[in-house]
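So the structure is just underneath, and the comments pick up after that.
The values are calculated or read from the model by the stated rules, or taken from the named source; none is laboratory data. Not measured: the values here are computed from a predicted model. Don't worry about glycine lacking a Cβ; one is built from the backbone with ideal geometry, like all the others, and counts go over all protein chains shown.
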Amino acid sequence: MRTVLVLMDTLRREALSCYNSDTKVKTPHIDSFAKESTVFNQHWVGSTPCMPARRDILTGRLNFLERSWGPIEPFDITLPQLLKENDIYTHITTDHCHYLRTGGEGYLQQFNTWDYHRGQEGDPWISRIDEPDNMPESFYGRIRKQYQWNRKMWPNEEDMPSPKTFSSACDWLDGNKGKDNFFLMVEAFDPHEPFDVPDKYMDMYGGNTGLDRDYYETPQYKRVSEVDVTDEAVDYLNRRYSALVTMTDHWFGKLINKLKELNMYEDTVVIMTTDHGYFLGERDYLGKNYMHLYNELAHLPLIIKFPHGERAGEQVNQITQNIDVMPTVLDFNGIKIPDTVQGVSLRPLAYDSNAKTKEYALFGYHGMAVNITDGKCTYFRSPIKENKPCYEYTAFPTTIRRIMGVECPEKIEMGRYFKRTQYPLFRIPIDKPGIIDQSEEPLKEVSHTRLFNIVEDYKQTNDLSGTELEEKYKEMLLHALDEYDAPEEQKVRLGLVK
């Protein structure tokens, strides 16, 4: 069995015509792929943002209930590890810069081989002491000197990191033409910010007009009303994002065409999805991480081409999440799914439109609200004011760009806290969620519980929390926390028990 997993970071569901017929974003290759594949309508985020989502994918378990952004743990049972043990060759090609940063340890090393394309975001790649000469005199949002040095290394579109990622995947397929029993993960950082895109794609969306400053590619993760950003600048940012989605779609098309050219498409499972969504001005928000997980962030695209085109052109309405990727790939390869896996295999859906998946999706950021949906309502359960007790459990105390617990070493405990492993863990008390780095009030935007009927109110404007309906979802959440092995203090932190 051959499997290709394509992960595009920050791909908004509403940008794709297979989900939104009114979209103005041009994605002809994803559109064609969707017609040859099965489109999943109830696909939801799990742990977020970037690295927590990847641990979900590789382990088939929710990361966010136990810890925030961090590495593969020594007791994790991973998809590449099991595939290798069963003589399935594994390879990843990526330009996702967080794998090579503090807090991203151990992911690439799960694969037989890996290929990394440098330069995205703040990747410490080009080493220059001097100030880059391409710094804009005026700009909105944020700008990184390191990125300005890095971008000098791609004079042409094909030199940019995400195009190189897709090209590398095509080269890998050329080198392994006709081979079977492999898992190829193709992971593009685009369309994640910075929304750096050649002018020819911007020309499809009105060009570079309408911006009264030199540069706007990376927004601050704050409310629009709290930063110096005009309506015209927000519109410009949206156009840059759309242009970058179109560029990413172009290179995705090259990958699909390569599979077809090599006669490796028909009997290969191809999975295309993302890790989370993004705010581009909606609800007065820019970015991610600090607000409730509204549908703009949590309701995701998932498109699967089953091995011989089963159910091509059809839609699936069962609830799914990225923790389902691992058991699905194992199932297609005839490998036993470990008892530790919390996701479910989607393979039965290839042959039975009524196959069951799960009754709900549980999702969230570590240390913030905990959320649940049954496809009818979304319930965002906020923590109590003091947000305690709140702990991170880990054997490797790294998180995004730093070491955890250095401010409170005397409060760190160690023990065997999980049923699934005897590996000793650090239990580190947390005062501020690990993914909040641009706010001194990390819980400000998630301080109130919310409940929405997304069948009648998909835009989530009519809050039903405090009504009788909330009791139903409170009980569902309590059941889910038990089913997903949440540390007991989560219920206390969320005000669900005293």
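Among the residues of region 419-430, those identified as farther than 18 Å from Gly367 by Cβ and either in contact (Cβ under 8 Å) with a residue 24 or more places away in the chain or not assigned by TED's automatic domain parsing to the domain that holds Cys390 (or both) are Lys419, Arg420, Thr421, Tyr423, Pro424. All conditions in (1) among the polar types (S, T, N, Q); (2) surrounded by fewer than 16 Cβ atoms within 10 Å (Cβ to Cβ); (3) in contact with an Asp or Glu (Cβ under 8 Å, 6 or more places away or on another chain) hold for Gln146, with the sole exception of (2). Return yes when Asp123 is in a strand (DSSP E or B), modelled with pLDDT of 95 or more and in contact with a helix residue (DSSP H, G or I) (Cβ under 9 Å, 6 or more places away or on another chain) and no when it is not. No. Applying the set (1) assigned to a helix (DSSP H, G or I); (2) over 25 Å from Phe332 (Cα atoms); (3) not aliphatic (A, V, I, L, M) to Gln81 leaves exactly one unmet item: (2). With a requirement of 3 or more residues that are over 21 Å from Leu443 (Cβ atoms) and without any contact (Cβ under 8 Å) to a residue 24 or more places away in the chain, the strands (runs of 3 or more DSSP E) lying completely within region 343-417 that satisfy it span 413-415. Restricting to region 14-24, give me the number of residues that are within 20 Å of Trp251 (Cβ to Cβ), surrounded by fewer than 23 Cβ atoms within 10 Å (Cβ to Cβ) and not hydroxyl-bearing (Ser, Thr, Tyr). Counting residues in region 14-24 that are within 20 Å of Trp251 (Cβ to Cβ), surrounded by fewer than 23 Cβ atoms within 10 Å (Cβ to Cβ) and not hydroxyl-bearing (Ser, Thr, Tyr) gives 2. In the set Val245, Val186, Val234, only one residue is within 15 Å of Tyr278 (Cβ to Cβ), touching a helix residue (DSSP H, G or I) at 6+ places or on another chain (Cβ under 7 Å) and crowded, with 24+ Cβ neighbours inside 10 Å; that residue is Val245. Picking from residues in region 425-465 that are of a type in the set (Lys, Arg) and buried (at least 17 other Cβ atoms within 10 Å of the Cβ), the one that is nearest to Lys411 (Cα to Cα) is Arg427. Against the list (1) modelled with pLDDT of 95 or more; (2) over 30 Å from Ile436 (Cα atoms), the condition Gly178 fails is (1). Close Cβ contacts (under 8 Å, 6 or more residues apart or on different chains) running from residues in region 433-456 that are on the phi < 0 side of the Ramachandran plot to residues that are acidic (Asp, Glu) and part of a helix (DSSP H, G or I) comprise Thr449/Glu470; Leu451/Glu470. The residue that is farthest from Leu349 (Cα to Cα), counting only those in region 276-308 that are without any contact (Cβ under 8 Å) to a residue 60 or more places away in the chain and assigned to a loop (DSSP other than H, G, I, E, B), is Gly281.
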